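Data first, discussion second: the structure below is written as structure tokens.
The values are calculated or read from the model by the stated rules, or taken from the named source; none is laboratory data. All of these numbers come straight from a predicted model, not from anything done at the bench. With ideal geometry, Cβ positions are generated from the backbone for all residues, glycine too; neighbour counts draw on all protein chains shown. Protein only, heavy atoms only, side chains kept; ligands, DNA and RNA dropped before computing areas. Shrake-Rupley method; radii C 1.70, N 1.55, O 1.52, S 1.80 Å.
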Amino acid sequence: MPIDRPLFLPRPAVEALRGERGFEAAAKGLWSAGDPAGLARPCVAIVGTRAATRYGKRMAWELAAKLGRAGCCIVSGLALGIDAAAHEGALEAGAPTAGVLGSGHGHFFPARNRPLAERIVAAGGTVLSPFEPAQPALPYQFLQRNGIVAALADALVVVEAPARSGALNTASWAAGRIPVLAVPGDVDRRNVAGCHALIRDGATLARDASDVLEALGLTKPLPLAPTDPVAVEDPLAQTILVELDGGPAEIDDLVARAGAGAPAVMAALTLLELNGAIHFDGAIVRR
């Protein structure tokens, strides 16, 4: 389905997938390009700053990939930075992902993420908007978009948000209605000040996908440090393990040394972490 030719889902159709959410921002319906069926799964919204660091993008990607593999649909706002990393992680995991626009589909914003949106649709996900296709992007609409992101989610995870951030607006829509989690960072970094404020005010600290799954009541917490790593058969993962025999490495170094693209290396790293073969301690370390 072309991005700029969405179908309208009336509110009863959305509620058939998500139930009555009770959010003030719930629209009369949503315009949808792609397949919204993934919204029937447990949905986790992952949001954060557009000016994301490498750390923030990695955390968003890994959370989305692991939660996707656990059976969740990943919801975000198709913005640059954290949102895009979350959608990418879900795509790499083969999980459904839903992007919510702050404009109509015919005025896609930001234009740089249109190829990502097309990949979401091609992979069986959906690109949604509460606005008619011809509606241009206007600043106030992104606050309403944030409310829709929160309304579609069963839990919200904030990754890298400064003290004034659209992600915090999304958290305000979610507060008291669904679990709100935040990923911590260095206390002197401005782009995580909002996350630390959320944790101070009662949000759950999110170290890993297991914390999110626990908040959803979907599973017991996964072990953070397995003591008996299982065998990994993926050839790229094996190559990465060989490279790590020489000591800790950064992701960019592994991409260069492994001779594979960044998405493939990130997928292999996620597999290795899930199997307990590596862990992240500033750099990537083999167990």
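Odds and ends about this structure:
- Placed amide H near residue 154: partners under 5 Å, 5+ positions off or other chain: 43, 44, 45
- For the pair region 80-149 and region 171-192, the centres of their Cα atoms are 21 angstrom apart.
- Per-residue HN-Hα couplings for region 81-94 [Karplus 6.51, -1.76, 1.60; θ = phi - 60°; Hz; x = Gly/Pro]: x, 4, 4, 4, 4, 5, 4, 4, x, 5, 4, 4, 7, x
- The calculated FRET efficiency for the pair residue 279 and residue 200, based on their C-beta separation and a Förster distance of 41 Å, comes to about 0.90.
- Theoretical ellipticity at 222 nm over the chain - DSSP helices of four or more residues, -39500 (n - 2.57) apiece, nearest 500: -12000 deg cm²/dmol
- Within a Gaussian network of the chain (alpha carbon springs, distance under 10 Å), most fluctuating of 48, 124, 19: 19
- Selection from 89, 162, 251, by position along the positive dipole direction of the chain (Cβ): 162
- Annotation: average projected area of the chain is 14.4 square nanometres, based on the convex hull of Cα atoms across all directions.
- Distance (nanometres) between label positions extended 7 Å along Cα→Cβ at residue 242 and residue 7: 4.9
- Added length on full extension, which subtracts the Cα-Cα distance from 0.36 nm per residue, residue 189 to residue 287: 32.4 nm
- Accessible surface, region 150-197, averaged per residue in Å² (probe 1.4 Å): 39
- Simple rule: put +1 on each Lys or Arg Cβ and -1 on each Asp or Glu Cβ in the chain, find the dipole, and look at 70, 136, 174; the Cα lying farthest toward the positive end is 136.
- Shown in residue order for region 40-45 are the 3J(HN,Hα) couplings computed by the Karplus curve 6.51 cos²θ - 1.76 cosθ + 1.60 at θ = phi - 60°: 6, 7, x, 10, 10, 8 Hz (x for Gly and Pro).
- Of all accessible heavy-atom area on the chain, the percent that carbon and sulfur account for (1.4 Å): 54
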